[in-house]
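As structure tokens, the structure follows; a few thoughts come after it.
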Amino acid sequence: MAEGVLSPGVNLEAFSQAITAIQALRSSVTRVFDCLKDGMRNKETLEGREKGFVAAFQESLHSVSRDLGELERLSNLVGKPSENHPLHNSGLLSLDPVQDKTPLYSQLLQAYKWSNKLQYHAGLASGLLNQQSLKRSANQMGVSAKRRPKAQPTTLVLPPQYVDDVINRIDRMFPEMSIQLSRPNGTSAMLLVTLGKVLKVIVVMRSLFIDRTIVKGYNENVYTEDGKLDIWSKSNYQVFQKVTDHATTALLHYQLPQMPDVVVRSFMTWLRSYIKLFQAPCQRCGKFLQDGLPPTWRDFRTLEAFHDTCRQ
């Protein structure tokens, strides 16, 4: 009963005999090579040495053939394991014959190993942080929190007029860039930035904080059927999809909560560098096109143009 549970569909007795047959086969093969290594010895005449060598060699080959036949017979008796894999449904992915096209099982194992490493390192970091003494700060916060109310952030509730003034100043800074401001959903502003005849950018704002950007081509439609700015559909061109991804990265880079107007101005300065999207070569390889795309990356500090693979 236990054998059936451990190895359903497998004849364990034949499996044990097959292992013994493998060992016997290896011994027979070893004797063949020993016979070839020793050669013709222990005979006085040349004819006697040749006959002795041929006889020993034939006997060794017969032993190999016999042991190999026995192993093949036992392998047919072992049987096949059942389809109940220990990894349940994920174990079926390893049976895919086209691993190059669908390497799901290997990726799943890699993700599992990465998750274990992440958990291990997170535990180490937690132990190190718990060793740090924060009692003084905790006591001060505990005493003072009861006496004074928690300060509310003021940068999130800026008046709309202040936001309009900041956008207008930025619009006057860059002659190649035109900014149209609208508020279709109340106080939150939405910007339509047109950069020359290169591209258009839809910027969704919350007060002076940029929440989302969508970059499209100059000739692409940026409005929905009801006449509102389309903030969900992406560009039909891969080059502007790349620029949208880089713009999202730029939003994470330019972060200064206490001075949101500086953040917006810095982002617009970075965005203005795309005025020569199709004219500036890559600063590393010197080429205008790579895989059919121009340099879509702009350095956050120098604003130099790079291909996505050349910026590494």
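The values are calculated or read from the model by the stated rules, or taken from the named source; none is laboratory data. A quick note: this is a predicted structure, and the numbers were derived from the prediction, not measured. Please note: Cβ atoms are built from the backbone with ideal geometry, for glycine as well, and neighbour counts cover all protein chains shown. All accessible areas refer to the heavy atoms of the entire protein, side chains included, with ligands and DNA or RNA removed. Shrake-Rupley method; radii C 1.70, N 1.55, O 1.52, S 1.80 Å.
Tabulated values for the structure
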| read-out | value |
| --- | --- |
| Residue check, Phe288 among the hydrophobic types (A, V, I, L, M, F, W, C) and either in the same structural domain as Leu208 (by the TED database) or under 20 Å from Met177 (Cβ atoms) (or both) | no |
| Residue tally, condition surrounded by 13 or more Cβ atoms within 10 Å (Cβ to Cβ) and outside any strand (DSSP E or B), over region 188-217 | 6 |
| Lone qualifier among Leu46, Leu87, Leu93 - being open to solvent by less than 90 Å² (accessible area, probe 1.4 Å) and modelled with pLDDT of 60 or more | Leu93 |
| Qualifying residue in region 254-275 (condition: modelled with pLDDT of 90 or more, of a type in the set (A, V, I, L, M, F, W, C) and more than 30 Å from Thr224 (Cα to Cα)) | yes |
| Options Gln290, Gln279: the member that is within 21 Å of Gln312 (Cα to Cα) and free of Cβ contacts under 8 Å to residues at least 40 places away in the same chain | Gln290 |
| Long-range neighbours under 9 Å by Cβ, at least six apart or interchain, first residue outside the structural domain of Leu36 (by the TED database) and outside any helix (DSSP H, G or I) within region 56-67, second surrounded by 17 or more Cβ atoms within 10 Å (Cβ to Cβ) and at pLDDT 90 or above | none |
| Subset of region 218-233 [under 28 Å from the mean Cα position of the chain (by Cα) and either surrounded by 15 or more Cβ atoms within 10 Å (Cβ to Cβ) or outside the structural domain of Val263 (by the TED database) (or both)] | Ile231 |
| Given (1) assigned to a helix (DSSP H, G or I); (2) small (Gly, Ala, Ser); (3) open to solvent by 30 Å² or more (accessible area, probe 1.4 Å), index of the condition Ala247 fails | (3) |
| Of the criteria (1) open to solvent by less than 50 Å² (accessible area, probe 1.4 Å); (2) among the polar types (S, T, N, Q); (3) modelled with pLDDT of 75 or more, which one Thr155 fails | (3) |
| Condition broken by Ser75, with the remaining ones in (1) among the hydroxyl-bearing types (Ser, Thr, Tyr); (2) assigned to a loop (DSSP other than H, G, I, E, B); (3) modelled with pLDDT of 80 or more satisfied | (2) |
